[in-house]
Amino acid sequence: MKRLFGNIGGLKAGQTRRLENLYRRRLPPQSLITFELARDISLLSHEIRRQIGLLINRQGKIAYVIVGDHQGIVIPDTSEYRVSPGRLKGLRCIHTHLNNEPLTREDLTDLALLRLDIMAAITMTKSGYLHQVHAGYILPKSSAGKPFEILQPLNPNELDIGCIDLIQSLETELAHVKSLFEADTKKERALLISVTTVSRRTAMASLAELEDLAVSSGIQVAGTVLQQRRKVNTRFLMGMGKLQDLIILALQKGATLIIFDQELNPSQIRSITNKIDLKVIDRTQLILDIFAQRAKTKEGKLKVELAQLSYLLPRLITRNTAMSRLTGGIGGRGPGETKLEINRRRVRNRISRLENALSLVRKQRKQQRAKRSKRGLTIISIIGYTNAGKSTLLNTLTKSNVRAESRLFATLDPSSRRLKFPKDIEVIITDTVGFIKNLPKELIVAFRATLEELESADLLLHVIDISNPRFKDQIESVEKILADLNLHNISLIRVLNKKDLVDRATVDELTGALGGTAISANVESTLLPLIEKMETLIYHMKYRSSGQN
């Protein structure tokens, strides 16, 4: 396996051999680096006028030799050394500095982002001889805002610093910190991140919803981070300094996952995951994951798979850690066709098959709608933000037992029931998948057959959870989706749910301001005003339009 990294062009054969011979060196475990090895790479670095770096494992074996330029080195992919959350990488980086400077901001950034055991820089005299070694490591707990411990410069005779004992003590403390947060080792622990240009109030509301989504997906939330910027960094969303702080916070909180509230494009996923040795997903992936957990019927599973593959296709990037987390590893070349191309082709073929299967579903639904239309049955569709109480309302109205849970996206597959009003008017009432702010476009496409059910509705019941502090934003999101689907001209009743969780004065105020009908969906007696309103509207639609009295 290749272990000599960087641009070695322009080096003499003897210099290259000296670099390759470094692999034969083995260090005493407790020594940061031996005097002899530090001396030799100082002289060679001075000779070639390039920085030289070593990645050394905990057994004292040199795992990588890196040749940089005058200003720095580029650390290669070290994913094979990936360890469990709350642990360090298992590699320490020792490299030369040509200008006699101590650890730089870039050094500390690499230390944090790669979770290295130790980062050290060797400075040399004007003649290239070893001068001092500057070393630092991540602190398991930040002290007065200081995330790193920088040692006093080490002289050539001070390099035996008890290296392994130091690393083990750091990991013991990290494990202790991690255990303070852990409640369930089987669950992912996530940091939720928002990098945005919108107002703090809007951003915090969106982060709160992201937290609800994470909890609904079975993820423990380790913490949230909000960064407001005038302009979002097109490559990383945030600056490198903030990215560094983020990975240290993740390490200190025992996080296994980072979730961005903003959708990441393929380039951003590649850039961020090349810097962060943790799983990174965005809001869209999280919603898709929830849908995948909730899908029970064959149709629902087909829709979710189509949405996931549509999201994945443009993000199939070769030799990238992000995709290894999504697809089990993609990259390298095969006979005649790269694995990347093979995967892309397979995904496209699978998408085509899923679209054909769902096309049949749309035809079947169209036929069902036509039959209902012939029978003259009125269609009522219950819509609303996810977890607003739509399924509960359907159950109470029709005395049925559709699955209803207090979690996001509990309902994916539409459920239809018959309902008979006192005036002998019979209708079909349908529960639908919940809406959400910034509903992923992949889901809208995949669930098109379900959403098309709404087109044939004669009346929409927009269920609103008025106990939710973000209900006004949720109303706006739902009605925007209705407008986007060109459904805003269908008669609509605003149903103000969970009035039992709100004081009477507020309920009365909202009823007037929103022009809605207040109910508690799980209390049948509170539905009478709503039933009367529905019956009156349907009566007017069915009979007044035909000229009957």
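Read-outs: derived from the displayed coordinates by stated rules, not from any lab. Because the structure is a prediction, the values reported are computed rather than measured. Note that each Cβ is placed from the backbone with ideal geometry, even for glycine, and that neighbours are counted across all protein chains shown.
Overview of results
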item: Unsatisfied cross-links (Cα-Cα over 28 Å) in the set 89/301; 296/437; 187/275; 437/499; result: 89/301
item: Residue-by-residue Karplus 3J(HN,Hα) for region 230-237, coefficients 6.51, -1.76, 1.60, Hz, glycine and proline x; result: 5, 9, 6, 5, 5, 8, 10, 6
item: Ascending count of other beta-carbon atoms within 10 Å, so fewest first, for 523, 280; result: 523, 280
item: Amide H within-cut-off set for residue 224, under 5 Å, with H built and near neighbours excluded; result: 192
item: Proxy reagent accessibility, fewest Cβ within 10 Å first, across 238, 541, 119; result: 541, 238, 119
item: Simple Cβ-charge dipole of region 237-286, Lys/Arg +1 and Asp/Glu -1, about Cα centre, in debye nearest 20; result: 80 debye
item: Cα principal axis extents for region 4-181, largest first, Å; result: 54, 32, 28
item: Which of 117, 503 has the fewest Cβ neighbours within 10 Å, and the rest in rising order; result: 503, 117
item: Computed Kirkwood radius, in angstrom, where 1/r is averaged over Cα pairs of region 189-291; result: 13.6 Å
